[in-house]
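Chemist: Quick one: the structure is below, and I'll ask about it shortly.
What follows draws every value from the coordinates through simple rules; no lab data is involved. These numbers come from a predicted model, not from an experiment. Every residue, glycine among them, receives a Cβ derived from its backbone with ideal geometry; neighbour counts consider all protein chains shown.
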Amino acid sequence: MESATVKKWAVFFAGILGAVLLADALSTILISATGLEGSAKLFAGFILYALLFFGILYAVQKIFHFEFFSFWKE
């Protein structure tokens, strides 16, 4: 396996894992600070997590010039 391919996959997995962990931590902190309970907490947490996750992935793409999901490009 070429080193460029290994580097590409390492950045891919590290970026996804970092985005998941950071989005989870931030959404947990922000939602717990609001004092929401029950289904409102679940819904707001899910929406906030999704926004943070994709926002972090976008930031990583811009910083490292790496495209996570470039299925439509050749």
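Chemist: Relative contact order for the chain using alpha-carbon pairs under 8 Å, separation at least 6, rounded to a whole percent? Don't skip to the end; give the middle numbers.
Modeler: Working: 30 pairs, mean separation 26.0, N = 74.
So the answer I get is 35 percent.
Chemist: Sticking with this structure for a sec: Among 26, 57, 42, which one moves the most in a GNM of the chain with springs linking Cα atoms closer than 10 Å?
Modeler: 42
Chemist: Computed from the mean reciprocal separation of all distinct C-alpha pairs, what Kirkwood hydrodynamic radius does the chain have, in Å?
Modeler: Details: mean 1/r = 0.0724 Å⁻¹.
Hydrodynamic radius (Kirkwood, Cα pairs) of the chain is 13.8 Å.
Chemist: Extending each Cα 7 Å along its Cβ direction at residue 46 and residue 28, get the distance between those two points in nm, one decimal.
Modeler: Distance between label points: 2.0 nm.
Chemist: Could you line up 34, 5 from fewest to most neighbouring Cβ atoms inside 10 Å? Present the calculation step by step, with values, prior to reporting the outcome.
Modeler: Working: 34 12, 5 9.
By the 10 Å Cβ count, ascending, the order reads 5, 34.
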